[in-house]
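Presented below is the structure to which this report refers.
The values are calculated or read from the model by the stated rules, or taken from the named source; none is laboratory data. Bear in mind the structure is a predicted one, so any value in this text is a computation, not a measurement. A quick note on method: Cβ atoms are made from the backbone with ideal geometry, for glycine too, and the neighbour counts reach across all protein chains shown. Heads up: the accessible areas ignore ligands, DNA and RNA and are worked out on the full protein's heavy atoms, side chains in. Shrake-Rupley method; radii C 1.70, N 1.55, O 1.52, S 1.80 Å.
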Number of protein chains: 2
Amino acid sequence: MDPHLLRTYVTVARLASFSEAARALGYTQSAVSQHIAALETDLGLPLLTRRPVAPTPAGERLLEHAGALLLRLDAARADLDRFAAAPRATLRVAASPLALHARTLAALPATGVTLRGLPPEQVPVAVVTGEADAGLVDGIAAPSDPLPPPDVAPLAATGVAEEPLAVLLPAGHPLAGRAGLRLDDLADARWLDAPDAGIPLDRLRAVHGGPAGGGFRTALRYEGTDTRTLLALAVAGHGLTLLPSPLAASVPGAVAVPLVAPRLVHRTELLLPPGVPAEPTGPVAEFTRRLRG
Amino acid sequence: MDPHLLRTYVTVARLASFSEAARALGYTQSAVSQHIAALETDLGLPLLTRRPVAPTPAGERLLEHAGALLLRLDAARADLDRFAAAPRATLRVAASPLALHARTLAALPATGVTLRGLPPEQVPVAVVTGEADAGLVDGIAAPSDPLPPPDVAPLAATGVAEEPLAVLLPAGHPLAGRAGLRLDDLADARWLDAPDAGIPLDRLRAVHGGPAGGGFRTALRYEGTDTRTLLALAVAGHGLTLLPSPLAASVPGAVAVPLVAPRLVHRTELLLPPGVPAEPTGPVAEFTRRLRG
DNA sequence: CGAATTTACGCACGGCGTAATGATC
DNA sequence: GATCATTACGCCGTGCGTAAATTCG
């Protein structure tokens with residue numbers, strides 16, 4: 001279970017080919033073959049079928065473990081590297097689309113910022129691997145409740161903003177006249193699922209906690225990270241979506257109806273690598289101070 | 001960052017000696033020295049001071065990462081091993097002291113059981129590393145809320161019992177006459193902290209959520225796992241402790257006063273390795289069926 | 001001076017590449 | 001028959017142990 005072998009294994013599984021993986025990793029086919037053989041011998045199980053190359057059930061399991069392991073390994077290295085590294089002059093922020101709004105944008109220093117837009121689930125990864133100095137993620141939760149922490153390596157999360165939620169309806173929608181909506185009333189409706197741009201339906205089902213996570217069927221799934229597209233899809237009637245009220249209210253051609261029950265908010269959190277709690281100066285410190293202050 | 005090196009590193013740190021670690025691992029002192037040197041060179045940081053041997057700040061950090069990494073590595077191996085292993089005839093259960101009560105004991109098969117008593121925090125580890133086939137942990141939570149999942153590798157948790165909570169007071173205690181107590185009223189009292197036998201005070205502070213986790217000062221800390229000792233300490237007036245009501249009510253020489261606010265229960269959960277969801281037969285299946293059914 | 005870590009050095013094994021073999025569509 | 005994975009085999013480098021040197025209490 002050498003990490004090198006695991007890395008080779010996940011690459012082979014991802015590319016579904018020994019030769020491709022060899023090229024990607026800078027090995028020969030032979031070496032890759034030996035890696036896989038070593039793993040299979042060690043574990044006493046076949047991990048991949050050949051022709052076509054695909055993970056066996058046991059291989060699927062190993063994939064989950066290997067992914068988490070390699071990520072944690074990178075995280076550890078990044079964390080230790082921070083100890084030695086000189087404080088950097090530039091601030092690299094990873095942020096999910098809806099985590100960027102007036103409050104957070106205002107806190108960005110005027111200069112020397114690299115802002116990388118990522119799907120929400122990738123933001124913690126970027127912070128933990130040291131690709132970003134800070135992260136901004138959004139999600140839904142009960143008021144003043146934290147978002148569910150990602151199960152990647154430890155991260156310090158601080159809430160920096162909470163806004164009410166609203167359902168975005170195309171003008172003329174039967175429910176568009178309502179003063180407020182309850183989530184229960186919408187469980188049977190058709191929804192947009194935009195896990196990378198908006199709020200994943202899974203999260204909705206989780207907080208709804210209804211009958212074994214049922215309901216909230218997907219009308220259309222959008223896999224990009226462009227919020228404007230998401231809004232346009234909602235306006236065009238491709239499905240419902242939940243948004244922070246201020247944003248929802250600003251969409252022309254649509255009506256934003258407040259969500260009144262259950263009591264949920266759109267929450268934005270600042271993610272920082274743990275430890276080194278208060279480096280006194282530098283762009284990271286300035287950014288966090290302006291967000292928290 | 002080879003796992004072998006990490007394993008050597010944590011051993012050296014734990015034993016505070018290169019030579020001891022070498023003996024423990026079956027290496028020579030020389031090899032251990034080379035391992036540590038390799039790690040320090042790789043990371044570009046000193047990890048240990050010599051004479052005395054103790055982790056530097058960076059080394060402390062690496063210890064946290066390394067522990068989690070090595071645990072996940074063992075977990076992955078154990079998980080994959082389960083795929084190949086024949087279903088076992090004997091059931092090995094790891095349980096925290098307060099997780100063992102009428103309900104859970106009744107579910108144990110009449111024969112072929114190995115029951116290992118462990119501190120609550122060790123139970124998930126035992127399950128995840130395959131040292132136990134199932135785990136029983138206890139803790140406090142809001143009614144029908146799950147316990148906070150341990151951040152070790154994935155585990156399937158099912159609630160199997162919830163009981164009301166009571167404060168155990170020595171007979172003659174000023175509050176012993178009360179019909180019910182509120183946690184707020186007790187935040188300034190002196191408590192027993194028995195994280196391995198009872199409910200850790202940290203958890204109490206966490207669910208209380210009061211002013212930055214203050215209050216609940218420790219009068220006496222008991223580090224064993226013997227519940228009888230914990231009860232005796234409470235009876236002898238060494239501090240307050242929170243217990244499941246049925247247990248608290250059965251203690252001679254003490255009074256059990258129900259906890260009325262906040263609404264909390266003592267919850268017991270069954271922990272199982274994930275995946276292989278429903279193996280149809282065998283002692284594990286029987287045990288889980290009797291617990292859930 | 002003694003205990004314990006570091007460095008020097010040699011050898012053995014592991015792991016990669018080249019090249020030949022084998023399997024599968 | 002072509003493509004792709006496996007096996008055979010030789011070489012290089014890593015990593016261990018033995019043993020000498022060094023450091024620190």
Single match in A:LEU231, A:LEU242 (criterion: modelled with pLDDT of 95 or more and assigned by TED's automatic domain parsing to the domain that holds A:ALA142): A:LEU242
When residues of segment A:48-88 are limited to those that are β-branched (Val, Ile, Thr) and without any contact (Cβ under 8 Å) to a residue 12 or more places away in the chain, the one least open to solvent (accessible area, probe 1.4 Å): A:THR56
Residue within segment A:129-140 that is under 17 Å from A:GLU286 (Cβ atoms) and in a helix (DSSP H, G or I) present: no
Single unsatisfied condition, A:ARG178 versus (1) in a loop (DSSP other than H, G, I, E, B); (2) over 18 Å from the mean Cα position of the chain (by Cα); (3) within 18 Å of A:GLY139 (Cα to Cα): (3)
Residues located in segment A:13-33, provided they are within 8 Å of DNA strand D (Cβ to nearest atom), over 31 Å from the mean Cα position of the chain (by Cα) and surrounded by 15 or more Cβ atoms within 10 Å (Cβ to Cβ): A:VAL32, A:SER33
Residue tally, condition assigned to a helix (DSSP H, G or I) and more than 10 Å from every other protein chain (Cβ to nearest Cβ), over segment B:79-97: 1
Matching option when the condition is modelled with pLDDT under 90 and either open to solvent by less than 50 Å² (accessible area, probe 1.4 Å) or within 14 Å of another protein chain (Cβ to nearest Cβ) (or both), among A:GLY130, A:GLY112, A:GLY159: A:GLY112
Tally of residues being open to solvent by 40 Å² or more (accessible area, probe 1.4 Å) and part of a helix (DSSP H, G or I) across segment A:115-124: 2
